[in-house]
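See below for the structure under consideration.
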């Protein structure tokens, strides 16, 4: 183990789980593979009561890790380890450290004792100061494959059809998939996207789609995000060699050529910019529907 390790990557892909297991393994004094999960040190670490494990975090009702939390950690490290073994500092969501807190950490990272280990996790490395990153071994965790996510969801007894859909839309994040599974409003919004934006195969279908979308102003951002997910899923299905992965889409969309999907995706980006510029939802959604109808007409010819 390096004296300081930074685990980074998309939210929900297992950074915190990996960091906790690594930290627990450093504290473990059990026999065999570490962490054993049953020795006194493992149990105290999991309960966050081990005196030589430190967890700098935001204060109650705060969103950032402030310099006071780092000063408390440094003060604790200035004393001898209470159990006589390794000491571990686990900083989850390290990007929440204020610049002052990060600067406070620098000298401690440089001068850490041989038996002291720092484990940091973050979603975006760029949110940390370059001086922090340069003092850590950076391990970038990759998104999970759709198959791996689907298998993990099936092991949690999620119905196969739902597990397949979740694995397609979670972008390789098991954590995001589990959140989506519990959020019934997500599935209602997805149904609205399919009955609205993805129901249009020509200009003749626009009036019905407009009716579905007309009262969705407050949900507009989410609908655009889900529409982007759907289009990207179709692009991945096409890139992987065919309709597998797009089998629950309407027949029209299974035949969509990649260039048409790219233009629709660009139209979604443009619609998002318009929304940020306070363009009305009715005009924005109708313009997007017009683009979809034009593209769909082309690939059906």
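The values are calculated or read from the model by the stated rules, or taken from the named source; none is laboratory data. Given the structure is predicted, the values throughout are model-derived calculations rather than measurements. Every residue, glycine as well, gets a Cβ built from its backbone with ideal geometry; the counts of neighbours run over all protein chains shown.
Can you report the number of residues in segment 139-161 which are outside any loop (DSSP other than H, G, I, E, B) and touching a helix residue (DSSP H, G or I) at 6+ places or on another chain (Cβ under 7 Å)?
The qualifying residues number 7.
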- Query: Any residue in segment 205-218 that is at pLDDT 90 or above, in a helix (DSSP H, G or I), touching a helix residue (DSSP H, G or I) at 6+ places or on another chain (Cβ under 6 Å) and more than 16 Å from residue 293 (Cα to Cα)?
  - Reply: yes
- Query: Out of all the residues in segment 1-23, which are crowded, with 21+ Cβ neighbours inside 10 Å and more than 21 Å from the chain's Cα centre (by Cα)?
  - Reply: 4, 23
- Six or more apart or on different chains, Cβ under 6 Å: which pairs go from a residue in segment 228-239 that's assigned by TED's automatic domain parsing to the domain that holds residue 296 to one that's buried (at least 21 other Cβ atoms within 10 Å of the Cβ) and at pLDDT below 80? Could you list them? 234/246; 237/246
- What about residue 5, is it farther than 23 Å from residue 113 by Cβ and outside any loop (DSSP other than H, G, I, E, B)? no
- Query: Just to be sure, is residue 37 out of contact with any helix residue (DSSP H, G or I) (no Cβ under 9 Å at 6 or more places or on another chain) and either modelled with pLDDT under 95 or assigned to a loop (DSSP other than H, G, I, E, B) (or both)?
  - Reply: no
- Give segment 64-95 a look and list any residue that's assigned to a helix (DSSP H, G or I) and under 19 Å from residue 115 (Cα atoms), or say none. 70, 72, 73, 74, 75, 76, 77
- Just wondering, is there one or more residues in segment 204-224 that are touching a residue at least 40 places away in the same chain (Cβ under 8 Å) and under 16 Å from the mean Cα position of the chain (by Cα)? no
- State yes or no: is residue 32 outside any helix (DSSP H, G or I) and under 26 Å from residue 170 (Cβ atoms)? no
- For residue 79, are the conditions met, namely being over 27 Å from residue 126 (Cα atoms), surrounded by fewer than 19 Cβ atoms within 10 Å (Cβ to Cβ) and assigned by TED's automatic domain parsing to the domain that holds residue 126? yes
- Item | Per-region count, segment 113-129, residues within 23 Å of residue 35 (Cα to Cα) and either outside the structural domain of residue 19 (by TED's automatic domain parsing) or in a loop (DSSP other than H, G, I, E, B) (or both) | 3
- Of the residues 96, 156, 87, 148, which is in contact with a strand residue (DSSP E or B) (Cβ under 9 Å, 6 or more places away or on another chain), more than 30 Å from residue 29 (Cα to Cα) and without any contact (Cβ under 8 Å) to a residue 40 or more places away in the chain? 96
